[in-house]
Amino acid sequence: MKKTILVAIVATTLFACSTPAENKGDATVSGTAATATGASSCVKEGSDVDLIKKTITAYSTGDWATLSTCFVDTAKSYHNNDTVAMKMSDRIELFKKQRANIDGAVDAGTPNIEVVTVANTNPLYEGIKWGHAWITFTSKVKGGAKKSSLTFVSFAIKDGKILQEQVIYDTK
């Protein structure tokens, strides 16, 4: 009887200590994880990641027409400590003016990009995925000085378009 109770305690302990990754309903493919229920996932490839890459490339090359196609018409943009959003169309106009001080294209290096889907019950966030990019932008300012900026961007993505961006970077 003591052996049976001991086996039951050991078995219960093992089952209680198992992690969700050991659950056969989870799948891991090429470093990306998605649950069988579709409730939460984190991917490093796919159409939403391609959208972020397209956005970064358009910004880097100054292709403002392509950049604007990545966002919905009502998209909002927050940079650093902005407390009030700027319309993305206005942000692009600001980018155009800033680009006048840069000699050539901006090099985005090799950005680290992920898109996260999180289970939620708030209808405000229904269908939204969260794209994140860590980028080191390097450019040459007219006059010869080289400038580098580590940048983090968070995108709210829905139906293949960006609804909002939040960008954090060093302004020095």
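The values are calculated or read from the model by the stated rules, or taken from the named source; none is laboratory data. In this text, all values refer to a predicted model and were calculated from it rather than measured experimentally. Counting neighbours? That spans all protein chains shown, and the Cβs are built from the backbone with ideal geometry, glycine included.
Determine, yes or no, whether SER77 is outside any helix (DSSP H, G or I), touching a residue at least 12 places away in the same chain (Cβ under 8 Å) and not β-branched (Val, Ile, Thr). Considered against the rule, which asks whether it is outside any helix (DSSP H, G or I), touching a residue at least 12 places away in the same chain (Cβ under 8 Å) and not β-branched (Val, Ile, Thr), SER77 comes out as yes.
Within segment 128-149, the set of residues being aliphatic (A, V, I, L, M) and either under 15 Å from the mean Cα position of the chain (by Cα) or on the phi > 0 side of the Ramachandran plot (or both) comprises ILE128, ALA133, ILE135. Looking only at residues of segment 119-141 that are charged (D, E, K, R) and within 15 Å of SER40 (Cβ to Cβ), we find that the one that is modelled with the lowest pLDDT is GLU126. Checked against (1) among the small types (Gly, Ala, Ser); (2) more than 20 Å from GLU45 (Cα to Cα); (3) buried (at least 16 other Cβ atoms within 10 Å of the Cβ), GLY144 passes all but a single condition, namely (3). Scanning segment 137-172 for residues that are assigned to a loop (DSSP other than H, G, I, E, B) and acidic (Asp, Glu) turns up ASP159, ASP170.
So that you can scan it fast, the table gives a plain yes or no per residue for (1) under 20 Å from the mean Cα position of the chain (by Cα); (2) surrounded by fewer than 14 Cβ atoms within 10 Å (Cβ to Cβ):
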residue	(1), (2)
LYS76	yes, no
MET86	yes, no
GLN98	no, yes
ILE102	no, no
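Selection of first residues in segment 145-162 that are farther than 17 Å from THR110 by Cα and touching a residue at least 24 places away in the same chain (Cβ under 8 Å) and of second residues that are surrounded by 14 or more Cβ atoms within 10 Å (Cβ to Cβ) and among the polar types (S, T, N, Q), restricted to Cβ pairs under 6 Å at least 6 apart or on distinct chains, gives the following pairs, ordered by first then second residue: ALA156/GLN164.
The criterion of being buried (at least 18 other Cβ atoms within 10 Å of the Cβ) and either of a type in the set (Phe, Trp, Tyr) or modelled with pLDDT under 95 (or both) holds for PHE71.
State whether the residues of segment 82-98 include one that is in a strand (DSSP E or B), under 24 Å from SER47 (Cβ atoms) and either of a type outside the set (D, E, K, R) or touching a residue at least 12 places away in the same chain (Cβ under 8 Å) (or both). Looking through segment 82-98, none of the residues is in a strand (DSSP E or B), under 24 Å from SER47 (Cβ atoms) and either of a type outside the set (D, E, K, R) or touching a residue at least 12 places away in the same chain (Cβ under 8 Å) (or both). Would you mind stating whether ASP48 is assigned to a helix (DSSP H, G or I) and either at pLDDT below 95 or charged (D, E, K, R) (or both)? Answer is yes for this residue. Within segment 104-127, the set of residues being among the charged types (D, E, K, R) and either in contact (Cβ under 8 Å) with a residue 40 or more places away in the chain or on the phi > 0 side of the Ramachandran plot (or both) comprises ASP107, GLU114. Being assigned to a strand (DSSP E or B) and touching a residue at least 24 places away in the same chain (Cβ under 8 Å) holds for only one residue in TRP134, TRP130, and it is TRP130.
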